[in-house]
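The values are calculated or read from the model by the stated rules, or taken from the named source; none is laboratory data. Remember, predicted model here, so these are calculated numbers, not experimental data. Positions of Cβ are generated from backbone atoms using ideal geometry, with glycine treated the same way; all protein chains shown enter the neighbour counts.
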């Protein structure tokens, strides 16, 4: 560490504490309030990262140099996403509250990437990355312990401090999803590798941590986790800068994973327990409905290749497009990042964004291969392996993004952005260090510092704003009337769509609150909302639209709609009908499309 770095770097204890708040705390929160099961996790990520980025940004010099080609490509890609999100309400009818939420998260990611890269240029990245990796290890080990409890002592999971698993015999940690837990643990494994290489963890301790984390991945029963173990082996093959012992451990990761899997399966058979991972391997649909949703996404892309269906509008367009053999779940995402961008942004713009991200990945790979050329000894090993470990984290979450959508969660998006920034930062420049030494008094007035503070404030404000809709679904004893709570929720900055949902689904005559459908339907169309919407259209005299919605709902074969369609069975079984069948029992007689309902 240079004299400038030592003088400018934030105190290690403060940086580590804030890193824990940014990285670990959001993954450990089990308590949430309706209507969202993950809001407090996401808000904690925004608040935690806002706090840590504020500290890190305060240490950056006056000028950290122009962004390199890779960093510029990432920022340009994120900028195009922001523009797409802002444009969506103008032509799709989506509520502005959803656009603001999307833009806020994307801009927070851009800030995180920029600061991560800036730390490298300013010579502070090693300490920040050390704090980041330590926080990941804490998060991963805690998640592993929670996972063991969920699988072997599920009665201990109370839903408040320890989340209950909705997947029998599979660990989900407090993230509530097996694949999310597996990705977190794989990140933690990469962090352990780097900490061991940087001599920040004793080798024996690192080995114990790695085995515990890998066992946690096995308990998730995640096939994505198994692919991640293979990716660790690929890293061990390609990265010759790693020590021999570390490379051997990485190469053995798939073997150890298979042995642990076999051991857990044998234990489950011998003790009359359920290991959910075993049932995953014997599923009739190995893709877990992904093949179906991908096929239908491609059909939507073919129908709307140029401008797409609009940012955040996949669920709306897909649900309201006829797909008789569709998956029965109400999907709000394609479970594949390239397809998601293509269907919502259009093929040309999505191609530009993907090309920019590919350019950034290539630039990060080039920097990782270059390593630290000027340093020697322990510092050289830490600096040389840091961008490689960071790049491994990015590649790991991109692999997950080909099968799900982790980057739509702040507690994955922001750590991934930080790792990408470190991978793209490059070595510290001598002129930057000289400038930092010459102008120390200016460090507290940087634009990045102000934006980081805005992220922190935005996270706090979002919690206050969210509580305005919580009282609709979980009222206290002193709460006002439902109508008053709904009206207040509809004035929320970021969550008005939840107020709209409550308004239209609780109304005796939903046509009297027709305006609420303009917001609620663009967040997530589910059975309850579609039934209310169809009834509202029928009451308003739009029988064709009501019939169309009912037929789209029928494709989902959802149990909540059984009563809604019950009259159709009675009419069909009757010898003759005294009156016309209810609207939900008939097909529309005019051709309609999803655009008609915007």
Hey, residue 169 in a loop (DSSP other than H, G, I, E, B), modelled with pLDDT under 95 and assigned by TED's automatic domain parsing to the domain that holds residue 187 or not: yes
Condition check for residue 135: modelled with pLDDT of 95 or more, more than 30 Å from residue 515 (Cβ to Cβ) and either in the same structural domain as residue 353 (by TED's automatic domain parsing) or part of a helix (DSSP H, G or I) (or both): yes
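Residue by residue, here is whether (1) under 29 Å from residue 107 (Cβ atoms); (2) at pLDDT below 90; (3) touching a helix residue (DSSP H, G or I) at 6+ places or on another chain (Cβ under 8 Å) holds:
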site: 442; (1), (2), (3): yes, yes, no
site: 445; (1), (2), (3): yes, yes, no
site: 450; (1), (2), (3): yes, no, no
site: 457; (1), (2), (3): yes, no, yes
site: 466; (1), (2), (3): yes, no, yes
site: 470; (1), (2), (3): yes, no, no
site: 478; (1), (2), (3): no, yes, no
site: 485; (1), (2), (3): no, no, yes
site: 496; (1), (2), (3): yes, no, yes
Suppose we keep only residues that are part of a loop (DSSP other than H, G, I, E, B) and under 28 Å from the mean Cα position of the chain (by Cα) within the range 496-525. Which one would you say is surrounded by the most Cβ atoms within 10 Å (Cβ to Cβ)? 521
Would you check which residues across the range 346-366 are at pLDDT 95 or above, out of contact with any helix residue (DSSP H, G or I) (no Cβ under 6 Å at 6 or more places or on another chain) and more than 23 Å from residue 306 (Cα to Cα) and list them? 361, 362
For the range 531-544, which positions are under 19 Å from residue 581 (Cβ atoms) and within 30 Å of the chain's Cα centre (by Cα)? 531
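A quick yes/no check of all residues on (1) free of Cβ contacts under 8 Å to residues at least 60 places away in the same chain; (2) assigned to a helix (DSSP H, G or I); (3) outside the structural domain of residue 34 (by TED's automatic domain parsing):
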position	(1), (2), (3)
450	yes, yes, no
461	yes, yes, yes
466	no, yes, yes
469	no, yes, yes
Has the range 57-69 got any residue that is in the same structural domain as residue 182 (by TED's automatic domain parsing), farther than 28 Å from residue 183 by Cα, more than 18 Å from the chain's Cα centre (by Cα) and at pLDDT 95 or above? no
Residues located in the range 477-495, provided they are surrounded by 14 or more Cβ atoms within 10 Å (Cβ to Cβ) and either on the phi > 0 side of the Ramachandran plot or not in a helix (DSSP H, G or I) (or both): 490, 492, 493, 494, 495
Residue count, the range 140-163 (criterion: part of a loop (DSSP other than H, G, I, E, B), surrounded by 15 or more Cβ atoms within 10 Å (Cβ to Cβ) and free of Cβ contacts under 8 Å to residues at least 24 places away in the same chain): 1
Residue check for residue 505: assigned by TED's automatic domain parsing to the domain that holds residue 549 and modelled with pLDDT under 95: no
Can you say whether residue 87 is surrounded by fewer than 18 Cβ atoms within 10 Å (Cβ to Cβ), over 20 Å from the mean Cα position of the chain (by Cα) and in contact (Cβ under 8 Å) with a residue 24 or more places away in the chain, as far as the supplied structure shows? yes
Please verify whether the range 143-152 includes one or more residues that are closer than 30 Å to residue 521 by Cα and more than 19 Å from the chain's Cα centre (by Cα). no
State whether one or more residues within the range 526-549 are part of a helix (DSSP H, G or I), modelled with pLDDT of 95 or more, out of contact with any helix residue (DSSP H, G or I) (no Cβ under 6 Å at 6 or more places or on another chain) and farther than 30 Å from residue 461 by Cα. yes
Members of the range 305-322 that are within 10 Å of residue 343 (Cα to Cα) and surrounded by fewer than 20 Cβ atoms within 10 Å (Cβ to Cβ): 305, 306, 307
Are any of the residues in the range 92-110 out of contact with any helix residue (DSSP H, G or I) (no Cβ under 7 Å at 6 or more places or on another chain), assigned by TED's automatic domain parsing to the domain that holds residue 19 and farther than 23 Å from residue 47 by Cα? yes
From the set of residues in the range 93-113 that are in a loop (DSSP other than H, G, I, E, B) and at negative phi, which is surrounded by the most Cβ atoms within 10 Å (Cβ to Cβ)? 94
Checked 256, 281, 354, 320 against criteria (in the same structural domain as residue 95 (by TED's automatic domain parsing) and more than 27 Å from residue 98 (Cα to Cα)); the one match is 256
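Return the only residue of 49, 14 being at pLDDT below 95 and either under 22 Å from residue 450 (Cβ atoms) or not assigned by TED's automatic domain parsing to the domain that holds residue 185 (or both).
14
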Within the range 193-224, residues at pLDDT below 95, part of a helix (DSSP H, G or I) and within 21 Å of residue 279 (Cβ to Cβ) come out as 223, 224
Search result, residues across the range 265-287 that are part of a loop (DSSP other than H, G, I, E, B) and either more than 19 Å from residue 181 (Cα to Cα) or modelled with pLDDT of 75 or more (or both): 271, 272, 273, 274, 275, 282, 283, 284, 285, 286
Find the residue count for the range 550-560, including only residues that are surrounded by 19 or more Cβ atoms within 10 Å (Cβ to Cβ) and part of a helix (DSSP H, G or I). 3
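Somewhere in the range 174-192, is a residue assigned to a helix (DSSP H, G or I), farther than 20 Å from residue 37 by Cβ and over 20 Å from the mean Cα position of the chain (by Cα)?
yes
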Report yes if residue 591 is out of contact with any strand residue (DSSP E or B) (no Cβ under 9 Å at 6 or more places or on another chain), without any contact (Cβ under 8 Å) to a residue 24 or more places away in the chain and outside the structural domain of residue 321 (by TED's automatic domain parsing), otherwise no. yes
Got a sec? Which of 343, 309, 328 is modelled with pLDDT of 95 or more, under 23 Å from the mean Cα position of the chain (by Cα) and not in a helix (DSSP H, G or I)? 309
